[in-house]
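Derivation of every value follows stated rules applied to the coordinates shown; laboratory data play no part. Note that the coordinates shown come from a computational prediction; the quantities given were computed from them, not determined experimentally. Counting neighbours? That spans all protein chains shown, and the Cβs are built from the backbone with ideal geometry, glycine included.
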Amino acid sequence: MRKSILMLGALVLLVTSCSVSKAARQQQNLLSGSWTLDDISYENNTGNFQSTHFNDAKDICFEGSGWFFRDNNSTGRYTISPSTLCTGGDRFIRWSVVDGSPNQLQFKLIDEKLKDITGGMGYRLNISSLTEQEMVLRSNVSVDGERVTVVYKFTKK
């Protein structure tokens, strides 16, 4: 039964991913290329936050990371610089823009051979703004039962 539900979910994802609106296609084209994640901040709550992003690394490790989005095959990567706090290296992704209000950037981690390495788990970030030079993504999370919005600010290289 569980396998049938997963297969049905995968089929629905496949069908919906093939039909992208004009606005989502434009955003995919704008995303294509190299970006730098300049800043991660938190809204809607006070205090100091230390968080792990995408089940990978702490926020400080992501600041200054390089991101690359290839729109012709929807693959890419992000690269974290090595330090005493961060395990550096490339993380490969498969990504797309999902229609919504707002549209969302979704991605999942893959290996060098383009195979899923997370068992189908992925991430969705709301696209707050996207121009040829800047991008702001937001993600709503819960901290101790209260909503916190994580804000990712990028500039294009």
Among 33, 145, 100, the residue with the largest mean-square fluctuation in a Gaussian network model of the chain built from Cα contacts under 10 Å is 145
Folded to 0 to 90 degrees: helix 2-18 orientation relative to the chain principal axis, Cα:
90
With springs connecting C-alpha atoms under 10 Å apart, model the chain as a Gaussian network and identify which of 90, 39, 144 has the largest mean-square fluctuation.
144
Give me 51, 65, 139 sorted ascending by neighbouring Cβ count inside 10 Å, so fewest comes first.
51, 139, 65
Among 96, 101, 83, 74, which comes first, second and so on when ranked by fewest other beta-carbon atoms within 10 Å?
101, 83, 74, 96
Length gained if residue 112 through residue 72 is fully extended, taking 0.36 nm per residue and subtracting the Cα-Cα distance, is 12.7 nm
Around residue 122, which amide H atoms from residues at least 5 apart in sequence, or from another chain, sit under 5 Å from its own amide H, with H modelled in the peptide plane?
none
10 Å Cβ shell holding at most 14 others, DSSP loop, GluC sites (Glu not before Pro): longest site-free stretch of the chain
1-111
Estimated dipole of the stretch 21-156 in Debye, rounded to 20 [Cβ of Lys and Arg +1, of Asp and Glu -1, Cα centre]:
460
Under the rule rounded for a/c under 1.5, else prolate if a/b exceeds b/c, else oblate, using alpha carbon gyration tensor axes a ≥ b ≥ c, the chain is classed as rounded
Counted neighbours (other Cβ, 10 Å), sorted fewest up, put 116, 99, 111 in the order 111, 116, 99
